[in-house]
Amino acid sequence: MARRLLVTGGAGFIGSNFVHHVMEHTDDHVVVLDKLTYASNKASLEGCPTGRVELVVGDITDAPLVDELFENVDAVVHYAAESHNDNSLDNPRPFLDTNIVGTYTLLEAARRHGRRFHHISTDEVYGDLELDDPARFTETTPYNPSSPYSSTKAGSDLLVRAWVRSFGVEATISNCSNNYGPYQHIEKFIPRQITNVIRGIRPKLYGTGENVRDWIHAEDHSAAVLTILDRGVMGETYLIGADGEKDNKTVIELILTLMGQDAGAYDHVKDRPGHDLRYAIDSTKLRTELGWAPKYVDFEAGLSAAVDWYRANEAWWAPSKDGVEAFYASKGQ
Ligand code: NAD
Ligand code: DAU
């Protein structure tokens, strides 16, 4: 039977991809609650069937509004967050407000209304791994976050666990690795470099570029979340990853090559303070217990499709390009 889902942060990168996924694969209705911060774009929801998606502009820390919205939905998928590490190093405060107080506000509403709650989180809560470490993160890896962003996400995960145990809230958590795909804000690594090349700006690599991220297509992340929402065991945590480990240098050179440029035509810039070295996900639990598997296993093909998307959707990203580059230039990046 069709559900009514409340999707927080549904006008952001991964949230909007999830809304499109739900439209395509279910009969569910979606209410998006989004503050429309700089990271959002209403245009990311264009193309959704009329009548099945409603956008409510508001803040997840607004308890009366959250209360009203929880009244009329069956389940909640919580994506809203301040999501960018570099911004959290510049000004941590909004990260505390949205990621901690916002999650608390939603959990209190889930408790009052008895609503199913799925919390979206990140692999960054586990800190980082050495480059030559054969280990990958699992659901039992101890929390060890490095940045203001990842520490607030870790805090939000722990709040969810406490609300499950102390108040019986019916919640699940997923921790996913680095996403790429359409609708990603151009402050992030991959779309920043693609749009740099389109604009004739040399791509920018932090430090040596040996840092490894475990890339997954946003569409695979959405399918995993829907699987957990449908079949996840209450109180459980699931790691989401697609075996996509790549170092940043390789990714930047691949982008340049795919875009017809010399693979070495990029600049090394100042490294990120506290820069996590490597993330790697072991998603065995999700695959064996819930039967999910990624579909976008060819990273080069997925990246090439992302290049095409940013080329075809310049109107979507162009208004923020100068501001993003001015911010990075002010930090020597
Ligand atoms: P994003 O920055 O692109 O989007 C965040 C959205 O949340 C925006 O639409 C913004 O307007 C909204 N928002 C922010 N503060 C809000 C508030 N107080 N009230 C209501 N809405 C608010 O982020 P993203 O990359 O799509 O990440 C979404 C979620 O997925 C986050 O929780 C993030 O921690 C998690 N995550 C991201 C990645 C990744 O690679 N991007 C990987 C794993 C997990
Ligand atoms: O691992 C999941 C996380 O992935 C999410 O929780 C975060 O919300 C998401 O932003 C992402 O965090 P990262 O810090 O890994 O992503 P970002 O795109 O900022 O950077 C990816 C890597 O690229 C990182 O090692 C820093 C590097 N980088 C980034 C930028 C913007 C560069 O070398 N040059 C750049 O211009």
Two-decimal log10 I(q)/I(0) for region 230-333, as the Debye equation yields it once each C-alpha is a single scatterer, q = 0.21 Å⁻¹: -1.24
Inter-label distance for Leu277 and Leu36, nm, one decimal - labels placed 7 Å from Cα along Cα-to-Cβ: 4.5
15 Å reach of a label modelled at Ala135, 7 Å along Cα-to-Cβ, counting backbone N of region 255-294: 277-282
Residue-count net charge about Arg202 - beta-carbon cut-off 12 Å; Lys, Arg +1, Asp, Glu -1: 0
Degrees separating the helix 299-312 axis from the principal Cα axis of the chain, which is the longest one: 90
Around Val73: net Lys/Arg minus Asp/Glu count, Cβ-Cβ under 12 Å: -2
0 to 90° range, to nearest 10: angle between helix 218-231 axis and the chain longest Cα axis: 20
DSSP bridge pairs, the chain: antiparallel proportion in percent, nearest 5: 10
Cβ-Cβ FRET estimate between Arg165 and Ala263, R0 fixed at 51 Å, reported to 0.05: 0.50
Relative contact order of region 191-333, pairs being alpha-carbon contacts under 8 Å that are 6 or more residues apart, as %: 34
All lysines inside 16 Å of Lys204 as judged from Cα atoms, apart from same-chain residues fewer than 8 positions distant: Lys188, Lys249, Lys270, Lys321, Lys331
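If each residue of separation counts as 0.36 nm, what is the full-extension length gain between Asp308 and Arg231 once their alpha-carbon separation is subtracted?
Roughly 24.3 nm would be gained on extension.
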Tilt relative to the chain, helix 189-199 - C-alpha long axis, 0 to 90 degrees, to 10: 50
Whole-number percent relative contact order across the chain, with pairs defined as alpha carbons under 8 Å at least 6 apart: 17
Binned Cα-Cα distances of region 188-246, short to long, each 10 Å bin given as a whole percent: 18, 34, 27, 16, 5
Long-range HN-HN contacts of Val269 with modeled amide H, under 5 Å: Leu205, Tyr206, Gly207
Calculated FRET value between Asn91 and Val57, using beta carbons and R₀ = 22 Å, to 0.05: 0.45
Contact order normalised by residue count of region 112-269, Cα under 8 Å, 6+ apart, percent: 27
Qualifying trypsin sites (Lys or Arg not before Pro) for region 254-294 [loop in DSSP, other Cβ within 10 Å: at most 11]: none
Sequence-distant lysines (8 or more away, or on other chains) whose Cα lies within less than 20 Å of Lys295: Lys246, Lys285
Debye intensity ratio in log₁₀ form over the Cα atoms of the chain, taken at each q of 0.06, 0.07 Å⁻¹: -0.19, -0.26
Backbone HN-Hα couplings from phi across region 141-146 [Karplus 6.51/-1.76/1.60, Hz, Gly and Pro as x]: 5, x, 5, 7, x, 9
Protein accessible area in the chain, 1.4 Å probe - carbon and sulfur %: 50
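Report the local net charge at Cys48: Lys and Arg +1, Asp and Glu -1, summed over other residues whose C-beta lies under 12 Å from its C-beta.
After counting each charged neighbour, the total is -2.
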Amide H contacts of Arg278 (H built 1.01 Å from N, under 5 Å, at least 5 apart or other chain): Leu129, Val212
Residues in region 50-93 that a label on Phe327 would reach, taking backbone N under 18 Å of a point 7 Å out along Cα→Cβ: 80-93
Nearest-0.05 FRET efficiency for Ala318 and Lys270, computed from C-beta distance (R0 25 Å): 0.45
Neighbour cut-off at most 11 other Cβ (10 Å), DSSP loop, GluC sites (Glu not before Pro), region 70-133: Glu130
Amide H partners (placed H, <5 Å) of Cys48, local residues excluded: none
Rounded if a/c under 1.5, otherwise prolate or oblate - region 169-310, Cα gyration tensor axes: prolate
In Hz, Karplus ³J(HN,Hα) per residue of region 28-42 (6.51, -1.76, 1.60; θ = phi - 60°; x = Gly, Pro): 5, 9, 10, 9, 8, 10, 8, 7, 6, 6, 3, 7, 9, 7, 4
Accessible area of the chain divided out per residue, in Å², using a probe of 1.4 angstrom: 41
Simple label model, 7 Å out from Cα along Cβ direction - Thr284 to His113, nm: 3.9
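The values are calculated or read from the model by the stated rules, or taken from the named source; none is laboratory data. Since we're looking at a predicted model, the values are computed, not measured. FYI the Cβ positions are ideal-geometry reconstructions off the backbone, even for glycines, and counts take in every protein chain you see. Remember, those area values only see protein heavy atoms, side chains included, never the ligands or the DNA or RNA. Shrake-Rupley method; radii C 1.70, N 1.55, O 1.52, S 1.80 Å.
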